[in-house]
1. So Phe5 fits all but one of (1) over 20 Å from Arg88 (Cβ atoms); (2) in contact with a Ser or Thr (Cβ under 9 Å, 6 or more places away or on another chain); what number is the exception?
2. Quick check: is even one residue across region 51-70 within 11 Å of the chain's Cα centre (by Cα) and either open to solvent by 70 Å² or more (accessible area, probe 1.4 Å) or aromatic (Phe, Trp, Tyr) (or both)?
3. Of the numbered conditions (1) part of a helix (DSSP H, G or I); (2) modelled with pLDDT of 90 or more, Phe5 satisfies every one except a single condition; which is it?
4. Do you know which of the residues in region 18-42 that are more than 22 Å from Glu71 (Cα to Cα) and either open to solvent by 70 Å² or more (accessible area, probe 1.4 Å) or polar (S, T, N, Q) (or both) is modelled with the highest pLDDT?
5. Name, by its number, the condition in (1) loosely packed, with under 14 Cβ neighbours inside 10 Å; (2) closer than 30 Å to Phe5 by Cβ; (3) in contact (Cβ under 8 Å) with a residue 24 or more places away in the chain that does not hold for Arg46.
6. State which residue pairs qualify: first residue within 24 Å of Leu35 (Cβ to Cβ) and inside region 55-84, second residue not in a helix (DSSP H, G or I) in any location, beta carbons under 7 Å apart, and separation of 6 or more residues or different chains.
7. Quick one: which residue in Leu35, Leu21 is closer than 17 Å to Ala87 by Cα and not polar (S, T, N, Q)?
8. Take region 4-17 and flag every residue that is of a type in the set (A, V, I, L, M) and open to solvent by 70 Å² or more (accessible area, probe 1.4 Å).
Amino acid sequence: MNVDFSSIRNFHERTVCEAVLATAPRYPGVTDGELLADVACVALNRLHPRYIRHEVDFSFYQSERERGETERLLNEAVEFAFGFVQARTAMRARR
């Protein structure tokens, strides 16, 4: 059996990366590409994974309330991740 699983992805990956890029200007100490990738990883690890094949798969089945809650959780995860990475970077600089 030949099955292609390459279309499966975590719904939050794109939205978290977009939110990280949009939020980055508020955190001038976290502008390096490697650090921004770390921020995205920390944020994604704080969210429940939602695997989809197509964007419409997830959005179609959510109510307006669920969409709002997903957005709130995503924003909280990104803010936490920036603070976490910023604190870890400062701690490493002191060594």
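1. Evaluating Phe5 over (1) over 20 Å from Arg88 (Cβ atoms); (2) in contact with a Ser or Thr (Cβ under 9 Å, 6 or more places away or on another chain) leaves (2) as the failure.
2. The answer is no; no qualifying residue exists.
3. Checking Phe5 against (1) part of a helix (DSSP H, G or I); (2) modelled with pLDDT of 90 or more, the one that fails is (1).
4. Step by step, filter region 18-42, then rank; the result is Glu34.
5. (1)
6. These pairs meet every condition: Leu73/Leu47; Leu74/Leu47; Ala77/Leu47; Phe82/Tyr27; Phe82/Val30.
7. Every option except Leu35 fails the conditions.
8. Ile8
The values are calculated or read from the model by the stated rules, or taken from the named source; none is laboratory data. All figures in this text were calculated on a predicted structure; none of them were measured in a lab. In this analysis, Cβ positions are derived from the backbone assuming ideal geometry, glycine residues included, and neighbour counts consider all displayed protein chains. To get the accessible areas, we keep the full protein, side chains included, count just its heavy atoms, and leave off ligands, DNA and RNA. Shrake-Rupley method; radii C 1.70, N 1.55, O 1.52, S 1.80 Å.
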